[in-house]
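A.B. asks: Okay, here's the structure, questions in a sec.
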Amino acid sequence: SRVDSFRDTVKTALAKPDCYVIVNYHRKGLGQKSGGHISGLGAYHEKSDMVLILDTANYKYPWVWVKVDRLW
């Protein structure tokens, strides 16, 4: 599936020291205010199947762990 492909891409990229993952997501889908936003991913936790979104506006929104399929 596409979410499986996305998960594999995230895992592969975050395992490399010179590779980054930037996501464009809708804040309301994460229970936050406002609309679309772009931030980097900082980690993937395999056991929980979650990624850490490193919100670039962390003065307003803290970093947040999100299920991969929810982000997808």
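A.B. asks: Straight distance only, please: which lysines reach the Cα of Lys28 with their own Cα at less than 27 Å, same-chain residues fewer than 8 apart left out?
C.D. replies: Qualifying lysines at Cα under 27 Å: Lys11, Lys47, Lys60, Lys67.
A.B. asks: Starting with the highest mean, order 42-51, 12-21 by the number of other Cβ atoms within 10 Å, averaged over the residues of each peptide. Each step should come with its number before you reach the end.
C.D. replies: Values: 42-51: 13.8, 12-21: 10.6.
Answer by packing, highest mean first, reads 42-51, 12-21.
A.B. asks: On full extension of the chain, what length is gained from Ala57 through Ser34, given 0.36 nm per residue of separation minus the C-alpha to C-alpha distance? Spell out each step's value before the answer.
C.D. replies: Working: separation 23, 0.36 × 23 = 8.28 nm, distance 1.21 nm.
Contour length minus Cα-Cα distance gives 7.1 nm.
A.B. asks: What 222 nm value per residue comes from the helices of the chain, counting each DSSP H run with n ≥ 4 as -39,500 (n - 2.57) and dividing by all residues, nearest 500 deg cm²/dmol?
C.D. replies: That calculation yields -6500 deg cm²/dmol at 222 nm.
A.B. asks: For helix 2-14, what angle does its Cα long axis make with the longest principal axis of the chain, in degrees from 0 to 90 and rounded to 10?
C.D. replies: With rounding to tens, the tilt is 80 degrees.
A.B. asks: Related question: Taking R0 as 25 Å, what's the FRET efficiency between Thr12 and Val64 from their Cβ-Cβ distance, rounded to 0.05?
C.D. replies: Between Thr12 and Val64 the formula returns 0.65.
A.B. asks: When the accessible area of the stretch 6-72 is computed with all protein chains present and a 1.4 Å probe, what percentage of it is carbon and sulfur?
C.D. replies: C and S atoms contribute 55 percent here.
A.B. asks: Same structure, new question: Any chance you could look up the accessible area of Ser34 with a 1.4 Å probe, heavy atoms only, rounded to 10 Å²?
C.D. replies: Solvent-accessible area, nearest 10 Å²: 70 Å².
A.B. asks: Here's another thing I want to ask about it. Quick one: which residues, 5 or more positions from Asp55 or on another chain, have an amide H under 5 Å from its amide H? H modelled 1.01 Å from N in the peptide plane, none for Pro or chain starts.
C.D. replies: Amide H neighbours of Asp55: Trp63, Val64.
A.B. asks: Figure the gain on full extension for Val23 and Asp4 (residue separation times 0.36 nm, minus the Cα-Cα span) and round it to one decimal in nm.
C.D. replies: Values: separation 19, 0.36 × 19 = 6.84 nm, distance 1.59 nm.
Full extension of this stretch gives 5.2 nm more.
The values are calculated or read from the model by the stated rules, or taken from the named source; none is laboratory data. This is a predicted model, so every value here is computed, not measured. In this analysis, Cβ positions are derived from the backbone assuming ideal geometry, glycine residues included, and neighbour counts consider all displayed protein chains. For the accessible areas, the whole protein counts, side chains as well, though only heavy atoms, and no ligand, DNA or RNA atoms are used. Shrake-Rupley method; radii C 1.70, N 1.55, O 1.52, S 1.80 Å.
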